[in-house]
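Below is one structure; the comments refer to it alone.
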Amino acid sequence: MTDSPLRLLLDFDARSQRDQNQPPAFLHRRDRKFALTCAEQGQAPNARRWLEHMARLSGPGSKASAGQKTLRLWRRINTGFALGGAVFGCLTMLGLLFYEGGQRINITVILAFVGLQLLLALFTTAQSLAGWQPWRWLVRRLASERNSGTAARLQPLLMARAAHLGGISFAVAGVLTLVLMVVVQDLAFGWSTTLDTGASGYHQLLTTLAAPWAAFWPAAVPDLALVEATRFFRAEAGTGAIAPERWGHWWPFVTMLWISWVLVPRLLLFLASILLLRRKARQLLANHPGMHALLYRMETPTLDTGNHHNDAADLPDTDTHTSLQPLPDSNLLLCWAGADEPELPQTLIGEHTLLFRAGGRASLADDQAAQADIANQLAASPEPAVVVITRGWEPPTGELEDFLASARELWPTGTQVALVPLPLHLPLDTEREPEPHQLNQWLRFAERLGTGFASVSVPRLHWRDPHAELLPEPGFEPGTESRKLP
């Protein structure tokens with residue numbers, strides 16, 4: 001058994017975590033190129049070849065991979081469990097075989113201890129399958145770096161493997177100690193229990209336990225005569241009529257009992273833990289988020305021409321539901337944010353024109369004063385209207401929107417506001433208007449303010465839609481420099 005699937009998973013998980021700091025476009029180009037190279041060589045791209053490719057790109061180095069570091073940690077843990085199991089197994093067997101001349105080694109105690117070991121082995125496997133980690137504190141203490149989520153899912157199976165390895169060392173050390181004690185000492189075995197159990201019932205229990213080896217070593221199965229002869233009671237003195245060598249005839253049974261019900265289950269469960277660990281590693285690798293992303297990058301071309309659909313003509317919808325309106329007959333002109341600098345079109349200025357300034361370099365007090373002065377002028381007008389001059393090349397600002405919102409509350413009900421965006425080029429030509437895209441942004445602004453309150457006009461005698469073809473006004477002669485307000 002090797003740790004190749006486990007190491008492959010750990011190395012892939014570590015590489016995927018490092019790739020999270022790279023730009024997606026770079027990862028896509030790199031992995032797509034790797035897939036194309038494999039296709040040219042007639043190989044199927046997989047995780048192992050991809051990691052080897054990444055290692056070649058990284059170049060030679062002495063730094064161990066993440067998989068090697070994790071496996072090295074678990075080798076230390078396995079070694080610790082094996083050494084601890086060997087020492088504990090030797091001491092345990094010495095305790096079970098402790099013998100003085102006036103007492104017997106109780107087979108019943110050995111049976112109970114063997115049953116306890118079997119239950120512990122089964123419990124270790126059950127807790128690994130359930131995902132419980134009773135030795136998590138030990139792993140945290142020994143690990144220098146925090147494990148990822150993928151490595152944490154493997155810890156129950158890794159710890160079960162270490163525990164079973166310790167159990168194998170425990171069983172091997174125990175059976176070797178047993179054989180050594182049989183050789184160097186004259187051990188006297190017997191059986192005793194406080195329960196009212198007859199020799200035949202006890203013999204039936206021993207025969208059942210000896211079933212695994214009864215066919216190839218019949219001498220290791222105690223017969224009924226031995227069971228009846230070697231029962232002892234604590235209150236008895238001496239050995240009775242039984243021959244002294246009969247007390248030692250139990251050692252083959254004890255040896256095979258230990259091997260069959262302590263060592264063999266641990267070996268089988270240890271092998272099962274390795275198989276489960278390899279299977280778990282393959283499943284985690286197949287379902288790893290980084291694996292899904294890697295397969296997508298390898299299968300998807302890095303350049304998508306988009307021939308099936310060309311969105312170059314899919315421009316945003318900038319149309320509005322409003323259009324240019326005639327310039328109202330009003331002598332109240334509000335120049336916003338220095339729109340009157342350096343001059344205003346002559347078509348907007350008359351004898352009774354009143355100019356007000358707000359926004360831009362004007363203070364908040366100046367804005368409020370301009371609102372109040374205009375309100376006083378509008379109070380006496382039967383059709384209140386205000387012409388707001390703005391710079392057409394500059395987009396509407398929130399400051400202007402706030403100014404008009406507060407003015408709407410202060411000015412008389414039904415006041416009409418005409419926004420007049422001026423063109424960029426100076427001197428201002430009365431025949432020239434702002435560009436259509438500039439007018440559209442002011443039309444959308446007026447639509448947000450409310451069509452019953454604000455509209456957009458241009459400083460011409462003949463107002464028109466900004467998208468319509470430019471036509472001369474009726475009766476207009478070239479060279480005419482003065483124009484009248486409508």
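For this structure, a couple of remarks:
- The residue that is modelled with the highest pLDDT, among those in segment 224-241 that are surrounded by 14 or more Cβ atoms within 10 Å (Cβ to Cβ) and in contact with a Ser or Thr (Cβ under 7 Å, 6 or more places away or on another chain), is LEU224.
- Whichever residue in segment 1-59 is closer than 30 Å to SER273 by Cβ and among the aromatic types (Phe, Trp, Tyr) and, among such residues, is surrounded by the most Cβ atoms within 10 Å (Cβ to Cβ): PHE12
- Counting only residues that are open to solvent by less than 20 Å² (accessible area, probe 1.4 Å), at pLDDT 80 or above and in a loop (DSSP other than H, G, I, E, B), segment 340-364 holds 1 of them.
- If you go through segment 271-291 and keep only what is open to solvent by less than 40 Å² (accessible area, probe 1.4 Å) and either hydroxyl-bearing (Ser, Thr, Tyr) or part of a helix (DSSP H, G or I) (or both), you end up with ALA272, SER273, ILE274, LEU277, ALA281, LEU284, LEU285, GLY290, MET291.
- Count of segment 185-223 residues which are within 19 Å of THR108 (Cβ to Cβ), open to solvent by 70 Å² or more (accessible area, probe 1.4 Å) and in a loop (DSSP other than H, G, I, E, B): 4
- Every pair of residues 6+ apart whose Cβ atoms lie under 7 Å, when the first sits in segment 361-382 and is within 17 Å of ASP340 (Cα to Cα) while the second is open to solvent by 80 Å² or more (accessible area, probe 1.4 Å) and not acidic (Asp, Glu): ALA370/ARG357
- In the set (1) surrounded by 15 or more Cβ atoms within 10 Å (Cβ to Cβ); (2) under 60 Å from the mean Cα position of the chain (by Cα), GLN377 fails one condition alone, (2).
- Lone unmet requirement of (1) modelled with pLDDT of 85 or more; (2) outside any loop (DSSP other than H, G, I, E, B); (3) open to solvent by 60 Å² or more (accessible area, probe 1.4 Å) for ILE259: (3)
- Every listed requirement among (1) modelled with pLDDT under 90; (2) within 22 Å of LEU271 (Cα to Cα); (3) surrounded by 15 or more Cβ atoms within 10 Å (Cβ to Cβ) is met by GLN117 save one, (1).
- Listed by first and then second residue, the pairs linking a residue in segment 149-175 that is among the β-branched types (Val, Ile, Thr) and open to solvent by less than 10 Å² (accessible area, probe 1.4 Å) to a residue that is at pLDDT 90 or above and part of a helix (DSSP H, G or I), with Cβ atoms under 9 Å apart and 6 or more places separating them unless they lie on different chains, form an empty list.
Quick grid of which residues meet (1) part of a loop (DSSP other than H, G, I, E, B); (2) modelled with pLDDT of 85 or more; (3) touching a Phe, Trp or Tyr at 6+ places or on another chain (Cβ under 7 Å); (4) closer than 23 Å to HIS437 by Cβ:
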position: ALA293; (1), (2), (3), (4): no, yes, no, no
position: TYR296; (1), (2), (3), (4): no, yes, no, no
position: HIS308; (1), (2), (3), (4): yes, no, no, no
position: ALA312; (1), (2), (3), (4): yes, no, no, yes
position: SER330; (1), (2), (3), (4): yes, no, no, no
position: ASP373; (1), (2), (3), (4): no, yes, yes, no
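- Filtered residues of segment 40-67 (kept if modelled with pLDDT of 85 or more and assigned to a loop (DSSP other than H, G, I, E, B)): GLN41, GLY42, GLN43, ALA44, PRO45, ASN46
- Matching residues in segment 74-93 - criterion: being under 18 Å from THR177 (Cβ atoms) and either open to solvent by 70 Å² or more (accessible area, probe 1.4 Å) or β-branched (Val, Ile, Thr) (or both): LEU83, VAL87, PHE88, LEU91, THR92
Residue-wise test of (1) over 22 Å from GLY359 (Cβ atoms); (2) modelled with pLDDT under 75; (3) assigned to a loop (DSSP other than H, G, I, E, B); (4) open to solvent by 50 Å² or more (accessible area, probe 1.4 Å).
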site	(1), (2), (3), (4)
PRO395	no, no, yes, yes
LEU428	no, yes, yes, no
GLU431	yes, yes, yes, yes
SER455	no, no, no, no
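The values are calculated or read from the model by the stated rules, or taken from the named source; none is laboratory data. This is a predicted model, so every value here is computed, not measured. Here the Cβ is made from the backbone with ideal geometry for all residues, glycine too, and neighbour counts use every protein chain on show. Surface accessibility is based on the protein's heavy atoms, side chains included, excluding ligands, DNA and RNA. Shrake-Rupley method; radii C 1.70, N 1.55, O 1.52, S 1.80 Å.
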